[in-house]
Amino acid sequence: NGSFSRRRRIEGVGSNNAKTESIKDLRRNKRSWLQRIEILGGRRRGILLTTLALMTIAAVTSNNKSPHESKKTAGVILRRDWSRFTELSPLAQYYKDVQNNCDLREKRNQFSKLGMGLGSELHRWTQVICESYSQNSRLRSTMAGHSWIWLDQTSCDATQAREISPLQCYFPSAETKCQTAGTAPLSSKTSCKTLQADLNITTADVRTAGIEFLFSNVSPLVIAEAQRQLRLVFGNKPVPHNLVTVHVRWGDKVTSREMKFMPIEDYIDAVKSLAKQRNSSDAVSVYLATEDPKAVQQFQEKSPPDWNIYVDQYFHEVKKHRQMDKELWNQAVATSKETKGRAGLLTLASLLVAMEANDYVLTTASNWSRLMNELRSAILDKECNGCTRMIDLQLPQALLEV
């Protein structure tokens, strides 16, 4: 035992010295990178700054971990590559083509200073890009002199957000700035409704195609954060193959009567239904996506004792920012403002972790649940030939799979 302990101490010293040297190398390289960045401009400068930020995050994160922790979590990675998705649906492909066509005029979309939930913000964007497409124009978003509340002010390049798009930090291909493009306001004469009628598609189709295009190229920053959360949630173990993602949205959505209150027992029954359909002898594993402390407490207390329950890392990291005397409110916007936009990066990364599952229990009256379902149907199902399933508790026959 004594020799084992001494060996562990020696290994720790050696590893820490190696890490110190790697950070010294990074600092030397950083000066070299900054010199290169100074002579570049525009988009290339933004790409280099993002890469440099990721190098710094990786080195600092590594330095804060023990050698044992780093070794045992190194192999835990997201199951899919969110940086590229090429099998787009026809409408999503049209959006991509239009957004990269600098011969078209540019329509402007302004993100609100007051802000709204990130799910609402992204769904509003899908509607606006449809309006722009129906008028044969590209779309570019602006912040109009203020910072987008969901933009991480520490990790994202403010100049890039201002000159190209606030979305650039999270979704690099969503909007492109063309040097010679003219601009024009969105017209009320030709709308997305006209396009829907021409193509015989629904508002849900429009939203899904927009989200599909948006998430066809997620930035390295979001992916790196998702990998960090994945390691914290699942530790050194692979993500369970029978994982069920459960999204619980209570709070103001219920008190404002935007959606029917669903007791936690309904979520648990839905998980049981999905597990029964899978006919697996393995213990049920649940990824619980919520920011509501009461939902976490009730789910943990009332679910079967042999279930493995993994709670969303976003919940843990924003919990300290919640005002418990205002627990009926949706505090996401206030939390993002208080964290200077970091909550935006955290919640997008936690979304990618949630998409590690094949089975989902959702309430699609919530924008976040709807977002999960759109990614499930437009991207995951397409890649795995329809392997996913979803129970929507907002449907009259709630326990029917979709």
Those helices (runs of 4 or more DSSP H) lying entirely in the range 231-309 with at least 2 residues modelled with pLDDT of 90 or more and either of a type in the set (S, T, N, Q) or within 21 Å of residue 368 (Cα to Cα) (or both): 264-278, 293-302
Which numbered condition in (1) within 24 Å of the chain's Cα centre (by Cα); (2) surrounded by fewer than 18 Cβ atoms within 10 Å (Cβ to Cβ) is the only one that residue 140 fails? (2)
Residue that is nearest to residue 82 (Cα to Cα) [pool: residues in the range 328-359 that are outside any helix (DSSP H, G or I) and out of contact with any helix residue (DSSP H, G or I) (no Cβ under 6 Å at 6 or more places or on another chain)]: 356
Any idea which residue in the range 144-163 is surrounded by the fewest Cβ atoms within 10 Å (Cβ to Cβ), counting only those that are assigned to a loop (DSSP other than H, G, I, E, B) and among the small types (Gly, Ala, Ser)? 145
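The values are calculated or read from the model by the stated rules, or taken from the named source; none is laboratory data. Quick caveat: nothing in here was measured; it's all calculated off a predicted structure. Cβ: placed from backbone, ideal geometry, glycine included. Neighbour counts: every protein chain shown.
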